[in-house]
1. Just a yes or no: is a residue in segment 73-91 at pLDDT 90 or above and among the aromatic types (Phe, Trp, Tyr)?
2. Being crowded, with 16+ Cβ neighbours inside 10 Å, under 22 Å from ARG639 (Cβ atoms) and modelled with pLDDT of 80 or more is true for just one of VAL437, VAL414, VAL410. Which residue is that?
3. Can you find a residue in segment 522-531 that is more than 25 Å from SER34 (Cα to Cα) and assigned to a loop (DSSP other than H, G, I, E, B)?
4. Considering LYS597, LYS688, which residue is part of a loop (DSSP other than H, G, I, E, B) and basic (Lys, Arg)?
5. Could you list, in sequence order, all residues of segment 336-354 that are modelled with pLDDT of 90 or more, under 30 Å from the mean Cα position of the chain (by Cα) and assigned to a loop (DSSP other than H, G, I, E, B)?
6. Does LEU195 satisfy the condition of being without any contact (Cβ under 8 Å) to a residue 40 or more places away in the chain, under 38 Å from the mean Cα position of the chain (by Cα) and surrounded by 18 or more Cβ atoms within 10 Å (Cβ to Cβ)?
7. Would you be able to tell me the number of residues in segment 489-509 that are closer than 27 Å to TRP428 by Cα and part of a loop (DSSP other than H, G, I, E, B)?
8. Exactly one of these conditions fails for GLY313: (1) out of contact with any helix residue (DSSP H, G or I) (no Cβ under 6 Å at 6 or more places or on another chain); (2) within 25 Å of VAL179 (Cβ to Cβ). Give me its number.
Amino acid sequence: MTRAPTLRPQLTTDAERRLTAEEARRRFFNRELSWLAFNRRVLEEAANPAHPLLEQLRFLSISGNNLDEFFMVRVAGLKGQQLQNITYRSVDGRTPTQQLGEIEEATNALFNAQQWEWLRIRSALEQHDIRVVTEPAEAEPWRQRLEAHFRAQLFPVLTPQAIDPSHPFPFIPNKGMAVVFDLVRRSDKESIRELVLIPQSLPRFVRIENDKSGIYVPMETMIEMFSDILFPGYEVVESGCFRVIRDSDIEIEEEAEDLVRYYKSAIKRRRRGRIILLELDPAMSGAVEEMLRDAVLGDAATIVNVDGFVGIGQLDQIVDEDRPDLKFPQFTARFPERIREHDGDCFAAIKAKDIIVHHPYESFEVVLSFLRQAAQDPDVVAIKQTLYRAGKQSAVIRALIDAAEAGKSVTAVVELKARFDEEQNLHWADQLERAGVQVVYGFIEWKTHAKISMVVRREGDAFRTYCHFGTGNYHPITARIYTDLSFFTADPQAGRDAAQVFNYITGYVEPENLERISMSPLSIRADLCQLIDDEIANLAEGKPAGIWAKMNSLVDPAIIEKLYEASNAGVPIDLVVRGICCLRPGVEGMSENIRVKSIVGRFLEHSRIWAFANGKGLPSRQAKLYISSADWMPRNFDRRVEYMMPIINKTVHDQILDQVMVANLIDNEQSWVLESDGTYVRMQPGEKPFNLHRYFMNNPSLSGRGAALRKSKDVPTLDIERYKA
């Protein structure tokens, strides 16, 4: 496979100078600890009384799954560095060993907090006739029905295995659970230890059908309850369950010449990755723990004795209980009005004027309609599409296949390195190729993270290019819960730029003279630094200055140092950073003009929006406004293909800046403020409560409806002064 082209020298900033560990800690927060602080905020939503009870349980489950992935990737990476005696310091000056020590302390606190919340939620669920029965004795009233289920559906697939010198310890897959039994044979009092692996193909819980309530019994409880069926003639001395988390990151080897073959092999190897975390039922004896340590663990594993429910992320099965009274009110996304006004003709609507669509308040169906229309339109000659995460039931894939089968030229850039979606993407790539789609896998070293769709249509004697630029993935499921922007345009400059981006990915042809967009790994960091420098210069000339930016993560040291420089010059900076933030705000002489907030609520904030005052007070039509697929992280600037799109159309500019961005800034019901010591403090609504998610659910968006709706009394005016106050 061809290598990525050599890049021009990257921007040099003060962030590249060598800092002492003490200086680094004063200037930056640790990335891993900042992520754990984010997951703590997610967990706090499990205790938020404003959320219905099953939604609280959903947040608890999300925090558990988040923590699993953190161990699989981030902790696994640090453990690997530690084992190889790598002393590379993080941007905040910590060695891998130092980070692991602080991570262990923080994750132990999270594990304990999760179990405490589970006990509270479990008790509250019982008041609403939903019971989770975790002890065999508690399940006795339903023994007859449970035994019938066990014999018919569980017993045939369970395989007890003796643990002794003649039986090697079985392989436990990533996220695998097992129950260990210490038994005594009644006939001769001989002791034996058995292990029963819980099949991952089965649901974690068995739900007992009941007219008035939902009763759930975990698989491990069922196995312990009917151990006499599994082990006739034996008496149980003790039993308990455990769960393993393995290193699941895939590292690209530079000698990998066939990326598809490499990933197929790497996915298999990942299932057998080094064990990073062992969760133990506290009922297990020290002897069992010692056996597990000797049999399956290495020096890299962390052992957690879980005083409660093992595998907290799997509680999401209970969230599916049909109890609308215990969930958020149902919300139906709107289809963009502009498309309706053109009788569903996406091309006619986009040709008339640029359109911005705000997901999930406005349906992702518009993106699917755009692609379906392209597949069916006889005047469409070519479609080019990036695919990072497309989901398991993807209408996007279907549309591309239909287009190829209709004889159109279809190119799909499938990113194999989308973490934990590699196998699914390999499947889609195979399906697309079978249909005649030209499938391209991009670069070995970089990920193609840009979300771009490009349709070339014959109109008269000429061709017109229609483009979709998204801040989120082409994933119909996550589009229902992630807040993202979809920008549709038929602007010729944007079309020519999109074509150059695709040529860069498919043929390594470095773009020249891009007219509208910036892209990584070529220039986004440098362009951002220039925009920040322009704000510093405007302020020096006595003009208004300011920066508003919304993103998922802020890690890049060069950008952080540039923001510090702007703050010291007096530029007011407001950042909405949902997750990781390594910038330390509010420090005198460094960042006193920077404010950082995080929003965690019903929807996951995912859109990337950046605004620069450009000589007028924010918000104004003179502001330079951008949307992007990139966060402000080294990987997004240096190791990913990303785009940064300026918003020029006045109507779309107003919709994004005056509505979406201002709503994020004035939200005070779902917002947390980052303090200079690294703590996050939940904002108090006071006399002017504002919830941006509720606002956009209850009020029509401006998407595609322009000035007419702006004048309508149906849409409350958002006032940034509320935020400043």
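1. No: segment 73-91 contains no residue that is at pLDDT 90 or above and among the aromatic types (Phe, Trp, Tyr).
2. The conditions single out VAL414.
3. From segment 522-531, those more than 25 Å from SER34 (Cα to Cα) are 522-523, 526-527, 530-531; that's our starting set.
Restricting the remaining residues to those that are assigned to a loop (DSSP other than H, G, I, E, B) gives 522-523.
Yes: segment 522-531 contains one or more residues that are more than 25 Å from SER34 (Cα to Cα) and assigned to a loop (DSSP other than H, G, I, E, B).
4. Numbers: LYS597 fails: part of a loop (DSSP other than H, G, I, E, B).
When all the criteria are applied, what remains is LYS688.
5. Result: ASP354, single match.
6. Details: without any contact (Cβ under 8 Å) to a residue 40 or more places away in the chain: yes; under 38 Å from the mean Cα position of the chain (by Cα): yes; surrounded by 18 or more Cβ atoms within 10 Å (Cβ to Cβ): yes.
Spelling it out, LEU195 is indeed without any contact (Cβ under 8 Å) to a residue 40 or more places away in the chain, under 38 Å from the mean Cα position of the chain (by Cα) and surrounded by 18 or more Cβ atoms within 10 Å (Cβ to Cβ).
7. Residues flagged as closer than 27 Å to TRP428 by Cα and part of a loop (DSSP other than H, G, I, E, B) within segment 489-509 amount to 2.
8. GLY313 satisfies every listed condition except (1).
The values are calculated or read from the model by the stated rules, or taken from the named source; none is laboratory data. Note that the coordinates shown come from a computational prediction; the quantities given were computed from them, not determined experimentally. Please note: Cβ atoms are built from the backbone with ideal geometry, for glycine as well, and neighbour counts cover all protein chains shown.
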